[in-house]
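Notes to accompany the following structure.
Nothing in this text is a laboratory measurement; each read-out follows from the coordinates by a stated rule. Only a predicted model underlies this, so the values are computations on that prediction, with no experimental measurement involved. No Cβ is skipped: glycine too gets one built from the backbone with ideal geometry, and neighbour counts run over all protein chains shown.
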Amino acid sequence: MPELPYTSRASRAVASTLRRLEAPYLAQDGFARQALAELRRASPGDITDSPYTWPYVFQSLAGQSSGDEWDGGATPTEKAVHAALSLWAAHQQSGSTPVNREGVSLGRAAGVLSGKLKRDGEAIDAGVLRRFAAVTTATSFPAQMRALSQLVSLFRANGVTLDYPRLAADLKNLQEPERRQRVLVRWARDFHRGGAPSNEATAESETTTATTVSSTQEQE
């Protein structure tokens, strides 16, 4: 994948890992295949019970300045990177083309999936709406990640792509009460637009140029 100017620590960490593993995996490299197998073994919602992801999570964040308060437990950024990488590995499994795609938010991906599965005359596929709602209404991060795993399995089965570095930034913010609602509203907006590309090319896209860095500091 190309190197992108992601501004979030979580996004940068996931992007750097994908740059190391994605192309080799698609080329059938043995190390990359083993790495993704290890990532798939992890529970997206529980970093403490998933030592197979620890080298990829902590090494990808090494050297980056941190805005997180560290109390000895996993930080929201670390949990988000762990979740995004394990979900990406599950999504990419056995695929011959990249499942990571710049600019596709979770809401947009769910909207694309709904467009693929809905019946004639339906505005939204009821099954996709139910699974998307399960992600957005779950009351804990582990529960959200269980619901998201089910949605990602449908993405994989139906050829829907997702921006995983961007997802990591969203998952980090989802854990913080003052930012949670902004993420959920943006996901819902993208979903109910039917998967159409968003026109909001600002901080929330996570793929902006350096001129928008100052407006994205809250993502850190």
For R41 and A143 in the same chain, what is the full-extension length gain: residue separation times 0.36 nm, less their Cα-Cα distance, in nm? 35.0 nm
I need the peptides 158-165, 46-53 ranked by packing, meaning the mean over residues of other C-beta atoms within 10 angstrom, with the highest value on top. 158-165, 46-53
The FRET efficiency for V185 and L26, from their Cβ-Cβ distance with R0 = 41 Å and rounded to 0.05, is 0.75
Using a ≥ b ≥ c from the Cα gyration tensor of segment 104-166 (square roots of the eigenvalues), is it rounded, prolate or oblate, where a/c under 1.5 gives rounded and otherwise the larger of a/b and b/c decides, a/b for prolate? oblate
Going residue by residue through segment 113-129, the Karplus relation 6.51 cos²θ - 1.76 cosθ + 1.60 with θ = phi - 60° gives ³J(HN,Hα) values, rounded to whole Hz and with x marking Gly or Pro, of 4, 4, x, 6, 9, 5, 7, 4, x, 8, 7, 9, 6, 5, x, 5, 4
Rounded, prolate or oblate: which one fits segment 8-159, using the alpha carbon gyration tensor with axes a ≥ b ≥ c (rounded when a/c is under 1.5, else prolate when a/b beats b/c, else oblate)? oblate
Highest mean packing first, using Cβ neighbours within 10 angstrom, the peptides 181-188, 13-20, 114-121 sort as 13-20, 181-188, 114-121
Taking θ = phi - 60°, what integer Hz values does the Karplus form 6.51 cos²θ - 1.76 cosθ + 1.60 yield along segment 162-167, in sequence order, with x for Gly and Pro? 7, 7, 6, x, 5, 4
